[in-house]
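Right, one structure below, let's go through it.
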Amino acid sequence: MAMAGLAVFCVLTAGCATGGTGTRDEGAAVSMPVERGLPTTPTTSAPSPAETVDAVSLLRQDPKVGRRIKADLKPCAEDVYPVDTSYGELTGGTAPDVVINVMTCGDAVGIGTYVYRSEDGRYRNVFTNEEPAVYATIDRGALVVTRQVYAKGDPVTYPSGEDVVTYSWGDAKFSERYRVRNSYSRAVGGGVSTPEPTVPGEN
């Protein structure tokens, strides 16, 4: 019986040493489980999640923001300011860029739009447009600025048209890529006619 038990023990021991899946049996044993399918280093450098900014405070401290805008930067209701804030990638930085639009309280007409880029933990103004009836958005990595065009006698709710200008970031600044002029129908209030593309720089 003793010899038989010893033989069984040897067979089991040999099976543990020679069975399995080849190279995994060689070398030191793994003491901790290994996670599969997770890369050890990031494959791409993506911007970190957006940090909410105090848009009103940022505008008030920015010397590039005009005095008129700062004077009009008052709450429409209790602690509610006429400010829209968007976060997205425009300049290829390590943190999302911030687009801020300032509007009037009564009719929500844009009076200023600004882009801020995060640099060394602080936000720097890299774009300013304080023309009347202006509004900016982020569209697939491009900055799109829309400005309503009013002719003499146009009511605020029905401008004669709009200019839509697309900017891209390069050489540490925004440059105009192209613009579109939309002329609204005079027969139908708020109707839009076929866009008329123009060459950048043309009036």
Qualifying position, being closer than 20 Å to Arg60 by Cα and either surrounded by fewer than 16 Cβ atoms within 10 Å (Cβ to Cβ) or acidic (Asp, Glu) (or both), among Val80, Val180, Val115: Val80
Test for Val134: is it at pLDDT 95 or above and either within 16 Å of the chain's Cα centre (by Cα) or within 22 Å of Lys64 (Cβ to Cβ) (or both): yes
Whichever residue in the range 143-180 is more than 20 Å from Ile111 (Cβ to Cβ) and aliphatic (A, V, I, L, M) and, among such residues, is modelled with the lowest pLDDT: Ala172
Residue in the range 127-136 that is nearest to Ile100 (Cα to Cα), counting only those that are open to solvent by less than 30 Å² (accessible area, probe 1.4 Å) and in contact with a Phe, Trp or Tyr (Cβ under 9 Å, 6 or more places away or on another chain): Ala136
Neighbours by Cβ (under 8 Å, 6+ apart or cross-chain): first from the range 129-143, over 12 Å from Val164 (Cα atoms) and in contact (Cβ under 8 Å) with a residue 24 or more places away in the chain; second in a strand (DSSP E or B) and of a type in the set (Phe, Trp, Tyr): Ala142/Tyr167
Residue in the range 85-97 that is open to solvent by less than 60 Å² (accessible area, probe 1.4 Å), farther than 16 Å from Asp54 by Cα and among the acidic types (Asp, Glu) present: no
Leading residue by the ranking (surrounded by the most Cβ atoms within 10 Å (Cβ to Cβ)) among those in the range 137-166 that are within 15 Å of the chain's Cα centre (by Cα) and part of a loop (DSSP other than H, G, I, E, B): Gly141
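The values are calculated or read from the model by the stated rules, or taken from the named source; none is laboratory data. These numbers come from a predicted model, not from an experiment. In this analysis, Cβ positions are derived from the backbone assuming ideal geometry, glycine residues included, and neighbour counts consider all displayed protein chains. Ligands, DNA and RNA are excluded from the accessible area calculation, which covers all protein heavy atoms including side chains. Shrake-Rupley method; radii C 1.70, N 1.55, O 1.52, S 1.80 Å.
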